[in-house]
Amino acid sequence: MTPMERRQRAAQGCIDRFAGKPYDPAAHRDCAYMVRHALHLLGRRVGQGKLPTYASDLAGMKALRMMGHANLIEAVDAFGLVRIPPLAALPADIVALPSDHPMGALSLAVGNGRLLAYLDGEHGAVVIEPKAFICAWRTI
C-alpha cells in the first residue's frame, strides 16, 4: 500500500469513527482521541505518557499539566512529528485550530483542504473548510 493510500484509509477510518458522534471524552470521542486513532491507523505508536487518557475536560487538562504540557499543541510537539505549513497538510496530517478551549483544538486533514473537527454547537465531529489555522504536523 502506498503512503497516500495509508493516509486516505486513516482519514476515512477517523471519519467513520468520529463524524456525527457527539463530543464525549469519557467515550473517547474528542479531538485528542481522534488524533490518537489516526496515528494508530497509520501504524505510528503513541506510547503511554505521550497522550493522556481522561474522562472529562478537567481531567484532560490535569493530565496534560502533569506531563508538563500547557495544551494539546505542546503534547503533539512532544511526539516528535515534523511541523509543516497548515496549507501543506495531506490526508491524516494533524492541524491545530484556533479555539477558546484551554486545551486547544486539534483536527485531522481529510483531503482537498478539508478537516475533520469537533466544533462548538455541532452534534458531532464534522468535516469543515477552515478559515484559520495555528500549526500542523506531518504524520508520515
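Being closer than 20 Å to F133 by Cβ, of a type outside the set (D, E, K, R) and surrounded by 14 or more Cβ atoms within 10 Å (Cβ to Cβ) is a condition met by at least one residue of the range 23-32. Checking A63, A75 one by one, the residue that is more than 14 Å from A38 (Cβ to Cβ), of a type in the set (A, V, I, L, M), in contact with a Phe, Trp or Tyr (Cβ under 7 Å, 6 or more places away or on another chain) and at pLDDT below 95 is A63 and no other. Scan the range 71-92 for residues that are out of contact with any helix residue (DSSP H, G or I) (no Cβ under 7 Å at 6 or more places or on another chain) and farther than 14 Å from C31 by Cβ and the total you get is 14. Considering every residue within the range 36-53, establish whether at least one is of a type in the set (A, V, I, L, M, F, W, C), under 13 Å from the mean Cα position of the chain (by Cα) and within 21 Å of P130 (Cβ to Cβ). Yes, the range 36-53 contains at least one residue that is of a type in the set (A, V, I, L, M, F, W, C), under 13 Å from the mean Cα position of the chain (by Cα) and within 21 Å of P130 (Cβ to Cβ). One residue stands out in the range 84-99 among those that are out of contact with any Phe, Trp or Tyr (no Cβ under 6 Å at 6 or more places or on another chain) and more than 16 Å from A32 (Cα to Cα): the one that is modelled with the lowest pLDDT, namely L87.
The values are calculated or read from the model by the stated rules, or taken from the named source; none is laboratory data. Source: prediction; values computed, not measured. Because the Cβ atoms are built from the backbone with ideal geometry, glycine has one as well, and the counts that use them run over all protein chains shown.
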